[in-house]
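A short worksheet on the structure shown next.
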Amino acid sequence: MNLKQTALSFVTIFIVVLLVSVLVTYLYSLIIYNIDVINWETSFQLAIIFGIILTWLNYQDGKEKKNEQKDKNYISFSCNCTGIALCRGVY
């Protein structure tokens, strides 16, 4: 995952979490306190926290998948008459 993809992932997650938390805090204050107020502080805090954490998890998942792909290219299985032998391949 390069810098552009990482930034796009962060911005996307940030916007989605911000919109959802704005809606939730608005509806909560409307239903519980009977006033129409949005808690912007909490909304931005949640958006920043979830944006950072979920972007980092996506980045780690991408690295893990890349390493698994390397492992699949390195180890190959071959079948012969005596059974299955594990052979180390060369890139």
### Filtered residues of the stretch 1-37 (kept if touching a Leu at 6+ places or on another chain (Cβ under 8 Å), loosely packed, with under 12 Cβ neighbours inside 10 Å and among the hydroxyl-bearing types (Ser, Thr, Tyr))
none
### Message
I'm trying to understand the selection: among the residues of the stretch 1-19, which are within 22 Å of GLU41 (Cα to Cα) and in contact with a Gly (Cβ under 7 Å, 6 or more places away or on another chain)?
### Response
PHE10, ILE13, PHE14, VAL17
### Task
Report, by residue number, each residue of the stretch 1-30 that is in a helix (DSSP H, G or I) and polar (S, T, N, Q).
GLN5, THR6, SER9, THR12, SER21, THR25, SER29
### Task
Please go through the stretch 31-54 and pick out each residue that is of a type in the set (A, V, I, L, M, F, W, C) and assigned to a helix (DSSP H, G or I).
ILE31, ILE32, TRP40, PHE44, LEU46, ALA47, ILE48, ILE49, PHE50, ILE52, ILE53, LEU54
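Read-outs: derived from the displayed coordinates by stated rules, not from any lab. Since this is a predicted model, take the numbers as computed values, not measurements. As a convention, Cβ positions derive from the backbone with ideal geometry for all residues, glycine included, and neighbour counts pool all protein chains shown.
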